[in-house]
Structure formats: C-alpha cells, structure tokens
1. For a bin width of 10 Å, list the pair-distance distribution of the chain built from all Cα-Cα distances, rounded to whole %.
2. Considering the dipole of the chain built from charges on the beta carbon (Lys and Arg +1, Asp and Glu -1) around the Cα centre, which of Val111, Ile148, Gln54 is farthest to its positive end?
3. Just to confirm a number: summing +1 for Lys and Arg and -1 for Asp and Glu over residues other than Gln174 whose beta-carbon lies under 12 angstrom from that of Gln174, what do you get?
4. Projected area of the stretch 83-202, taken from the Cα convex hull and averaged over every viewing direction, in nm²?
5. Mind pulling the angle between the C-alpha long axis of helix 26-47 and the longest principal axis of the chain? Nearest 10 degrees, somewhere in 0 to 90.
6. Among the listed pairs Lys38/Lys89; Lys49/Lys201; Lys58/Lys134; Lys38/Lys58, which have their C-alpha atoms separated by more than 21 angstrom in this model?
7. Kindly express, to the nearest 10 degrees and within the range 0 to 90, the angle between helix 133-153's C-alpha long axis and the longest C-alpha principal axis of the chain.
Amino acid sequence: MKQLFLGLSFILISGFAGSEKKEITPADRKFAIDYFLKTKQRLLNDVQKLSDAQLNYKPDSTRWSVAQCIEHIALAENGIWQWCMMTLKNDSAMLIMPERPLTNEQLIAGVTDRSKKAQAPEVLRPGNQFTGAKEALAAYVSKRDSIIQFLRTTQEPMETHYMQTPAGTLNVFQGFLLLAAHSERHTLQIEEVMKSPGFPKK
C-alpha cells in the first residue's frame, strides 16, 4: 500500500509540474536582457583598450591577471549556458524546488559580493585554452550575443525547471542571471587588478 501511495504521489506531482510549464514573463525577459547587455558593456569598456602588459599584469602570484579573468569569464559563459540548457531538457528538474527561493536581486547581490571568496572548478580555471585575451574576449562576446538573442525569443519554461548551484537551488531563469552575475563578479575582480598600485599605465 505504501509503495502504491508513493507511486500515485509521483504521478500526481509529475502531472502538476507538467501543467505548470510556462515561458518567462515580459518583465523577467526585459530584466534579464538589460542585465546581460549592461554586464557585457561593462566588461568591454574595462578591457578593450588594455595593452598586453596591462592584460598580463598580476598584483602577486596568488591573483589572476586581467587576461586570466577574461579567459575564466569566457569559459564560464559557455559552461553555465550548457548547464542551463541541459536542465531545460530534463523534466525531472521540475521536481526540485527550493524551500526558500531567492529573489533575482538577492541572487545577483550574492554572486557579485567580492567579500565572499570561492574556488573556480578545475574545468573553468584559466589555463591557456585560448591563444590570448583577445580570442577569449571574442569567444565571450559571441556566446553572450547568442544568449541575448535566445532570451529575446525563447518560449522555454525556464521558471519551472530547477538546478542545484553553489548559490542555492535556482530556476533556470535565475541560472541565466547567475551566468551574467558571474561575469560581473569577475569584471569587478578585473577592476580590482586595474586599481592595484603596480598596474602598468600602458
């Protein structure tokens, strides 16, 4: 009897979840696109005119250079995108719901808080996976532009599929915000490097 009850419960939950599939609201769509555009432009404004010496300067051996930050941003841009898209294709992801959902503003504030340190997973660490900062930046811009286009037109049910992330359990829409906030976090890191006393003037 207990197994029958659990089986019926799963069917009911699955049916309810499936009935709730819906695309993001116009307000959320605009919020995401605006944030993606803003964070892209901030990074480009910071790094596009830097010299090789500036791109490769490291304040000390424990910190990344601007070029390494750009490479990490580019790798994560593609990696988190793939994670979000895989989650959208997995209907079991509709059954993982957070007990205390974060607001979009809380998520962005938490990810961009540079006082809280984190270690990047090995696959996203800079390691000469591009020929240089320019190639990494071009890869970032290409992926960022394709994501923005996706957000403009998608009808995917991003707010009813959930993913477990270091920031907590997020719906896929927030997974995309995590992606953009991640680039902003490391743009802030780039700005810290550029403000360090030994940063080359040219």
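The numbers here are math on the coordinates, done by the rules we state, and not lab data. Note that the structure is predicted; figures quoted are calculated from it, not measured. Here Cβ is always computed from backbone atoms with ideal geometry, including for glycine, and neighbour counts include all displayed protein chains.
1. 8, 32, 31, 17, 8, 3, 1, 0
2. Gln54
3. Working: positive: none; negative: Asp28, Glu105, Glu159.
Neighbourhood net charge equals -3.
4. Details: hull surface 38.0 nm².
Averaged projected hull area, Cα only: 9.5 nm².
5. 20
6. Working: Lys38/Lys89 28 Å; Lys49/Lys201 12 Å; Lys58/Lys134 18 Å; Lys38/Lys58 26 Å.
Violating the 21 Å Cα-Cα cut-off are Lys38/Lys89; Lys38/Lys58.
7. Between helix and principal axis, roughly 30 degrees.
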